[in-house]
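See structure below.
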Amino acid sequence: MNHTEFQGLCHSTESYTWVEQEKRDITGGTITYEEIDKISEYQDTDKLMISGLKQDTFEYFVRTQGHKFRNIEFSIKSI
């Protein structure tokens, strides 16, 4: 890997579109299918941050939205 390729992997999260849950709680909450569907409104972005996924919503996100983005950052809550 050369320097340019490495720099391409390094990034700031400031340029990401952040998807949050509407009913967020102190533990971070969980995202719904409806909230995942709203991601389709973001036509002009190729970077996305998402949190609150459980196994079923993760699989739904990957199946319905995952192919639309070049970079996806998953935020994982600590227990």
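The values are calculated or read from the model by the stated rules, or taken from the named source; none is laboratory data. Model, not experiment: these values are computed from the prediction. A quick note on method: Cβ atoms are made from the backbone with ideal geometry, for glycine too, and the neighbour counts reach across all protein chains shown. What goes into the accessible areas is simple: the full protein's heavy atoms, side chains included, and nothing from ligands, DNA or RNA. Shrake-Rupley method; radii C 1.70, N 1.55, O 1.52, S 1.80 Å.
Hey, can you tell me all the residues within segment 39-62 that are part of a helix (DSSP H, G or I), surrounded by 14 or more Cβ atoms within 10 Å (Cβ to Cβ) and more than 11 Å from the chain's Cα centre (by Cα)?
Result: Thr57, Tyr60.
Give the residue, chosen from Gln65, Gln21, that is open to solvent by less than 90 Å² (accessible area, probe 1.4 Å) and either aliphatic (A, V, I, L, M) or at pLDDT 90 or above (or both).
One residue alone meets the criteria, Gln65.
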